[in-house]
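The structure appears below as structure tokens.
Derivation of every value follows stated rules applied to the coordinates shown; laboratory data play no part. None of the values given here were measured: they were computed from a predicted structure. Neighbour counts run over all protein chains shown; Cβ positions are idealised from the backbone, glycine included.
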Amino acid sequence: MDLPILVQKEEGGYDPDINLSKLIYAQGVGPEGWTAAILRLFERGGDA
């Protein structure tokens, strides 16, 4: 996995047990958070 993305839980936090190198914390829950993180990566040319 090159760039792991962690989306927020429904209550707004993140799973504290997930700790990966280069982990990107998506701002948003579910598909909305995932989409926001992917668009951010595209805007930055793939750099986290």
Sites Asp15 and Thr35 - FRET efficiency at Förster radius 30 Å, r taken between beta-carbons, to 0.05: 0.95
Relative counts (whole %) of C-alpha pair distances in the chain, using bins that are 5 Å wide: 5, 24, 30, 26, 12, 3, 0
Relative contact order (percent, whole number), the chain, Cα cutoff 8 Å, 6+ residue spacing: 36 percent
On Cα atoms only, tilt of 30-43 relative to the major axis of the chain in degrees: 20 degrees
